[in-house]
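Notes follow once the structure below has been shown.
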Amino acid sequence: TVTIQELTNHSYIDHELSATLDSTEAFEGPEKLLEIWFFPHRHCIPKDENGDMKTLRSIAVEKWVAILKLVKCEVLSIKSTEKMDAFLLSE
Amino acid sequence: SSLFVCDHKITLKTCGTTTTLFCLEELFRIVEEELGWDMRAKKEENVGKYHPHKVFYSRRCFMFPLKQRSIHKRWSDEIEYLNKFFCYGSSYLVGRSDQSNHWNLYVTETNKNMNITDDCGEDDEDETLEILMTELDQTCAQQFSCKREVKTVEQSQQDENTSEDEGHLSGYKMTNATRLDRVYNNEKNVSFHHDAFAFTPCGYSSNIIMDEEYYYTLHVTPEKGWSYASFESNVPVRHVSNNKQDNISVINHVLSVFQPRDLCITFFCKSMDNESFKKLMKTSGEIPNYTKKDRIIYDLDDYHLLYIRFERN
C-alpha cells in the first residue's frame, strides 16, 4: 500500500504545472484509450549493429513531452520502475 | 490522463478534449528515427501505412461529443483517420446502439510477419480489465473534490523551494482515504509504486505499478450531471494475491468506492480458458445491488473480448 516515501521518489515532477493547473472547465470524463504494441514482447526487440537494444524507454522525456503536446496533455509527474515508466498527465 | 511506456508497448489514456490520435505521426517518426524500428507495411497496397504488432483504440461514447475537437467528434472520423494510418484495422460498436452508453473499439490484426527471433516467447497471460462507471453516488464522488487554491505562475515559483506539492499530496491522501491502494490483495508482497494527483476544484487521477511491470489506473470526474470514473488494470490478480482473490472481488472493491448507477466492464484476454474470463462470463449474483443488462463476447483474431453492462438496482 501507499507509503509517504511514494511522494518523494518521482523521476520527474512539474511543480509549477501542479500548482497552477485549473480544472474548472473539465466536463468530459470518458477517455480515449490507445494501446500500441510495437512488438509482442520485450524479448522480441531487435538489437542494433553494436548488439545494443534500444526500446521505447530509450526515448527521452522531452520527446514524450513533445508527443503529448500534440494530444493537448502536459506531464505532471513520472514514476519509473525497472520495467515501466508511468506518466501522470494534465486533463 | 495517463501514459504508460514499456520497452515494447505504450498505453495512452486521455480524457476531456484531448486529441489522442494526433500523436501518431510524430510517435512513429520518433520510433523510426531514434530506435530504427521500421513499422511500415510491406505490401504495395498498404504503402504509407504502419503495421506494428497490434493496435487497440477504444472509448465509451462521449457525453458531449460535439465539444470534442476535430476527428474526435465522431467515431466514424476517428476510424477513417486510423485506417489511413494503420492497415488491417476493424472497428466495432459494442452494446446498444440506440442508447448513449455503448462502447467503441478499433483493433488491428496481429502482425505475425515481423522479423522476430525464435526465442521471442509471447505472454499468453496478458489480460486487461476496464470498468467504466457513470452517475456516481454523490457522497462517494465528493471524496474527489479538493479545496486548495489554484496559484499563479509567480506564486508557484515563489513557493517552489518551501512548500509541498499540494496536488500530489492531496492525491495521495485521497488514494489512502478511499482505499484505492488496496484494490489488490498483495499477498505476494510484490513491489508497489503509486502516483496520484487531485485536481482543483475536483477530479482525481492515479497510476499504480505493481511488481515493476503491471499497472492499474483510475480517473475520476466527480461533477454532478456528468460524473464518471474509470478503472483499468493489467494486474494478474491471481498472481499478486497468491490465488486468494479474483477479478469479481476487484470489481466489487472498485464499485464500493464509486457506487455508480451504470457501468460497463470490458475484459480482454488471449484464451477463453483464462480463469477470469470464465468467471466473468458467469457473473450474475456475485455483483450485489447490480443487475446485468448486456453480455457480449467477441472473438478478435488472437484476443477474446467480454463486454458486460450493469445497472444499479
Report summary line: One finds the C-alpha centres of segment B:80-102 and segment A:48-65 to be spaced, in Å, by 32 Å
Query raised in the report: Cα extents of segment B:125-181 along the three principal axes, largest first, in whole Å?
Result: 47, 34, 19
Query raised in the report: Convex hull over the alpha-carbon atoms of segment B:200-260: what's its volume per residue in Å³?
Result: 81 Å³
Query raised in the report: Taking Cα centroids, how far is segment B:41-74 from segment B:159-201 in Å?
Result: 32 Å
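Please work out the ratio of the alpha-carbon Rg of segment B:6-64 to 2.2 N^0.38 Å and round it to two decimals.
1.34
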Query raised in the report: Stokes-Einstein at 37 °C, 0.692 mPa s, Kirkwood radius from Cα pairs: D for segment B:16-166 in µm² s⁻¹?
Result: 167 µm²/s
Query raised in the report: Over segment B:149-196, how many percent of alpha carbon pairs lie in each 10 Å bin up to the one with the longest distance?
Result: 21, 37, 24, 14, 4
Query raised in the report: How long are the three semi-axes of the equivalent ellipsoid for chain B, computed from the Cα gyration tensor as the root of 5 times each eigenvalue, in whole Å, largest first?
Result: 31, 26, 22
Report summary line: Checking B:P236, B:P260, B:P201 against a Gaussian network model of chain B (alpha-carbon springs below 10 Å), the top fluctuating residue turns out to be B:P201
Query - Inter-site label distance for A:K63 and B:N243 at 7 Å from Cα along Cβ, in nm - result: 4.4 nm
Query raised in the report: Taking the alpha carbon gyration tensor of segment B:141-269, what are the square roots of 5 times its eigenvalues, largest first, to the nearest whole Å?
Result: 29, 19, 11
Query raised in the report: What's the long-distance tail for the protein assembly as shown, i.e. % of Cα pairs beyond 31 Å?
Result: 35 percent
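Could you tally the net charge around B:N185, taking each other residue with its Cβ under 14 Å from the Cβ of B:N185, Lys/Arg +1 and Asp/Glu -1?
+1
Please report, in cubic angstrom per residue, the volume enclosed by the convex hull of the alpha-carbon atoms of segment A:3-91. Spell out each step's value before the answer.
Details: hull volume 14.2 nm³, N = 89.
Taking the convex hull of the Cα positions in segment A:3-91, it is 160 Å³ per residue.
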Query raised in the report: Two-decimal Rg/Rh of segment B:34-96 from alpha-carbon positions, Kirkwood Rh?
Result: 1.05
Report summary line: Low-density loop GluC sites (Glu not before Pro), segment A:1-53, at most 12 other Cβ within 10 Å, DSSP non-H/G/I/E/B, are A:E25, A:E49
Query raised in the report: Dipole magnitude of the protein assembly as shown about its Cα centre, charges +1 at Lys/Arg Cβ and -1 at Asp/Glu Cβ only, in debye to the nearest 20?
Result: 1400 debye
Report summary line: Summing -39500 (n - 2.57) over every DSSP H run of at least 4 residues in chain B and dividing by its residue count gives a helix-only mean residue ellipticity at 222 nm, to the nearest 500 deg cm²/dmol, of -6500 deg cm²/dmol
Query raised in the report: So what's the back-of-envelope 222 nm ellipticity for chain A, counting only DSSP H runs of four-plus at -39500 (n - 2.57) apiece and dividing by all residues, rounded to 500?
Result: -5000 deg cm²/dmol
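Each reported figure results from applying straightforward, stated rules to the coordinates on display, with no laboratory input. None of the values given here were measured: they were computed from a predicted structure. Using ideal geometry, Cβ is built from the backbone for each residue, glycine included, and neighbour counts are taken over all protein chains shown.
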